[in-house]
Amino acid sequence: MRPVVLTVREGPRAHRERTDSREAALERLGALLEPVVERARAAQRPRLLGRLTREIPAKEIVYARFELRGAGRPCGVDVRADGSVVPFSGRWRRRPLSAPTTPKGAIRALSAHLSEEPFST
């Protein structure tokens, strides 16, 4: 069985952890996710300006990203600057698995996504 790699990106920092199974990776993701959500909620809201000084809302800014690879389908969780959590599928083209939710809801959505059969071509 291939190891599952959990990549955590928060600000300029990134680190990877290897686990032996999907379940262990999801467990570790759950342990890491809650403190990051709390830090996102407590952080001063960044004021990012886009073209022509358009202010980008906090719900559109990704504060941290957790990615799982080697578990079948690439997937992960985005923690937004407003503290919302969005599970996603895909590596290059991310598609949300559910609406913004709680950390436990995101873990459930990822678990259900990983237990589905992969597409056959």
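The values are calculated or read from the model by the stated rules, or taken from the named source; none is laboratory data. Note that the coordinates shown come from a computational prediction; the quantities given were computed from them, not determined experimentally. When we count neighbours, we look across all protein chains shown, and the Cβ atoms used for this are built from the backbone with ideal geometry, even at glycine.
Screening the stretch 1-15 for residues that are among the aliphatic types (A, V, I, L, M) and at pLDDT 85 or above and picking the one that is nearest to the chain's Cα centre (by Cα) gives VAL8.
With the requirement that a residue be basic (Lys, Arg), within 19 Å of GLU23 (Cα to Cα) and in a loop (DSSP other than H, G, I, E, B), what does the stretch 67-102 give you?
Within the stretch 67-102, just ARG73 meets the criteria.
The residues of the stretch 16-41 that are over 14 Å from the mean Cα position of the chain (by Cα) and either surrounded by fewer than 17 Cβ atoms within 10 Å (Cβ to Cβ) or not in a helix (DSSP H, G or I) (or both), listed by number, are GLU17, ARG18, THR19, ASP20, SER21, GLU23, ALA24, GLU38, ARG39, ARG41.
Every residue in the stretch 58-93 that is of a type in the set (Asp, Glu), in contact with a strand residue (DSSP E or B) (Cβ under 8 Å, 6 or more places away or on another chain) and either more than 22 Å from ALA112 (Cα to Cα) or touching a residue at least 40 places away in the same chain (Cβ under 8 Å) (or both), please.
GLU60, GLU67
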